[in-house]
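The values are calculated or read from the model by the stated rules, or taken from the named source; none is laboratory data. These figures come from a predicted structure and were not determined experimentally. With ideal geometry, Cβ positions are generated from the backbone for all residues, glycine too; neighbour counts draw on all protein chains shown.
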Amino acid sequence: MPAMTTILAIETSCDETAAAVIRDGRAMLSNVIASQVDLHAPYGGVFPELASRAHTEVISAVVAQAMAEAQCDYSDLDALAVTQGPGLVGSLLVGINFAKGLALATGLPLLGVNHLEGHIYSLWLAPDFEQPDFPLLALIVSGGHSELAIMTGHGAYQRLGGTIDDAAGEAFDKIGRLLGLPFPGGPAIENAAATGDPRAYRFPRAKTDGPYDLSFSGLKTAVMRAVTVQPSGGRDKRRRGAEREAPLRDDVNIADVAAAFQDALTDALVAAACRAARDFDPRQVLLAGGVSANALLRQKLSAALDLPVYYPPLPLCTDNAAMIGAAARFRLRAGFSSSLDFEARPSWRLSEDVYAGDLSRA
Ligand code: KG4
Ligand code: ZN
């Protein structure tokens, strides 16, 4: 293995087409992201069929731009990496097939990377995160996932729990849509909440059987009941998805609801992280994923834990390929690569098998 490791990474698991060139798992030579937010905004969520089509249209240009900005030739690279899962299968396949084609054409080794592991490694791209001090506690909160895991070394994860219904970002997006705010709901709710009073409403904090599990459907229902005109006949007659159509009551103060919702959701996340920190005694805590951009969550987590807590740089909280390149560097260093017949793993969990699966040791 050469002293410097340069990896081209590709990420297409959801609605960003992204490519990045990463040196030694820490330096971003380039980081290109083509967002599909405008495409999905009219639907208030990601439309899978449109997502994969849009990835196909731009992936070639996104990869070319990442190589050009890094001033790289394929002969300068040591490996290729691509998100193998979890994510939308049609979207994952676009990146995987493109990366396999590149691997065949260049002869470079290809690594399939777990997207959740990628989010954790976004911290390796944060200037203030100097060294991991294992075991560490990772809380990944994104549009598709809310996961708590103990990481005992590179590639060694013990999943503690996660959401049993909506992911944290998904809850932000659904409440944003209910309040008539633009998609994605997370940043829109954070903005609206800035002028609201979180004490104007008291929404429930999730209770689950598993101490490290999370649930946001009760919170979502409570917000919906508080702010919408209830149909006559009571809630039993409500149709599924009725929150989309239900009109808001005239007296609703959007800023107050946003602030109270954000307060309840972040309380639930912080409580689960505190329980895990108390029970597993980690040396550091890493927060990652789109919702880790939320300032209130950062503030509460740092205040509640008597431990160093690290956050990704804001542009690397949401999906990007730089984090996939950072994670891939440690797989490569451990001597792993993927055979070219690996498949997308849409439901790949963060667990011990993250380093097993389709990877083989060279
Ligand atoms: O990590 P990500 O790009 O996608 C997945 O892997 O799922 O996360 C996107 C999610 C969206 O649900 C978005 O609403 C949420 O992250 N998000 C936020 C903020 N910025 C993005 N949630 C709360 N506060 C924010 N500032
Ligand atoms: Zn993500």
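Looking across 171, 193, one residue alone is closer than 24 Å to residue 318 by Cα, in contact (Cβ under 8 Å) with a residue 12 or more places away in the chain and either in contact with a Lys or Arg (Cβ under 8 Å, 6 or more places away or on another chain) or not aliphatic (A, V, I, L, M) (or both). It is 171. For segment 12-38, filtering for residues that are under 20 Å from residue 115 (Cβ atoms), surrounded by fewer than 20 Cβ atoms within 10 Å (Cβ to Cβ) and without any contact (Cβ under 8 Å) to a residue 40 or more places away in the chain leaves 2.
Residue-wise test of (1) under 14 Å from residue 216 (Cα atoms); (2) assigned to a helix (DSSP H, G or I); (3) not small (Gly, Ala, Ser).
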site	(1), (2), (3)
158	no, no, yes
166	yes, no, yes
177	no, yes, yes
180	no, no, no
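Checking the conditions here, which among 66, 81 is at pLDDT 95 or above, closer than 12 Å to residue 9 by Cα and out of contact with any helix residue (DSSP H, G or I) (no Cβ under 9 Å at 6 or more places or on another chain)? Explain how you work it out, then say what you get.
Details: 81 fails: out of contact with any helix residue (DSSP H, G or I) (no Cβ under 9 Å at 6 or more places or on another chain).
None of the others qualify; the one that does is 66.
Among residues of segment 143-161 that are in contact (Cβ under 8 Å) with a residue 40 or more places away in the chain and closer than 14 Å to residue 292 by Cβ, those with a Cβ under 9 angstrom from a residue that is more than 16 Å from ligand 2 (Cβ to nearest atom) and assigned to a loop (DSSP other than H, G, I, E, B), sequence gap 6+ or separate chain, pair up as 146/216; 148/212; 148/213.
Within the set 279, 256, 263, 251, the sole residue that is among the charged types (D, E, K, R) and within 16 Å of ligand 1 (Cβ to nearest atom) turns out to be 263. Of all residues in segment 129-146, those satisfying the criterion of being crowded, with 22+ Cβ neighbours inside 10 Å and either more than 11 Å from ligand 2 (Cβ to nearest atom) or aliphatic (A, V, I, L, M) (or both) are 136, 137, 138, 139, 140, 141, 146.
Take the conditions (1) surrounded by fewer than 22 Cβ atoms within 10 Å (Cβ to Cβ); (2) under 18 Å from the mean Cα position of the chain (by Cα); residue 64 misses just one of them, which is (2). Only one entry in 99, 171 is part of a helix (DSSP H, G or I), away from ligand 1 (no atom under 16 Å from the Cβ) and among the hydrophobic types (A, V, I, L, M, F, W, C), namely 99.
Given the conditions (1) on the phi > 0 side of the Ramachandran plot; (2) surrounded by fewer than 24 Cβ atoms within 10 Å (Cβ to Cβ); (3) within 12 Å of ligand 2 (Cβ to nearest atom), which single one is not true for residue 87? Unmet condition: (2).
For residue 197, the conditions (1) at pLDDT 95 or above; (2) near ligand 1 (Cβ under 10 Å from one of its atoms) all hold with the exception of (2).
For segment 133-140, does any single residue satisfy the condition of being away from ligand 1 (no atom under 16 Å from the Cβ), aromatic (Phe, Trp, Tyr) and at pLDDT 95 or above? Yes, there is a match, as at least one residue in segment 133-140 is away from ligand 1 (no atom under 16 Å from the Cβ), aromatic (Phe, Trp, Tyr) and at pLDDT 95 or above. For segment 304-327, the condition holds for no residue, the condition being that it is surrounded by fewer than 24 Cβ atoms within 10 Å (Cβ to Cβ), under 23 Å from residue 153 (Cα atoms), over 17 Å from the mean Cα position of the chain (by Cα) and among the small types (Gly, Ala, Ser). Scoring residue 220 on the criteria (1) touching a helix residue (DSSP H, G or I) at 6+ places or on another chain (Cβ under 8 Å); (2) within 14 Å of ligand 1 (Cβ to nearest atom); (3) in a helix (DSSP H, G or I); (4) closer than 30 Å to residue 326 by Cβ leaves a single failure, condition (4).
Here residue 192 fulfils each of the conditions (1) at pLDDT below 95; (2) in a helix (DSSP H, G or I) apart from (1).
So that you can scan it fast, the table gives a plain yes or no per residue for (1) modelled with pLDDT under 95; (2) within 15 Å of residue 315 (Cβ to Cβ); (3) among the hydroxyl-bearing types (Ser, Thr, Tyr):
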| position | (1), (2), (3) |
| --- | --- |
| 12 | no, no, yes |
| 18 | no, yes, no |
| 33 | no, yes, no |
| 37 | yes, yes, no |
| 42 | yes, no, no |
| 50 | yes, no, no |
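Does residue 125 count as surrounded by fewer than 24 Cβ atoms within 10 Å (Cβ to Cβ), within 15 Å of ligand 1 (Cβ to nearest atom) and within 23 Å of residue 310 (Cα to Cα)? So residue 125 passes the test.
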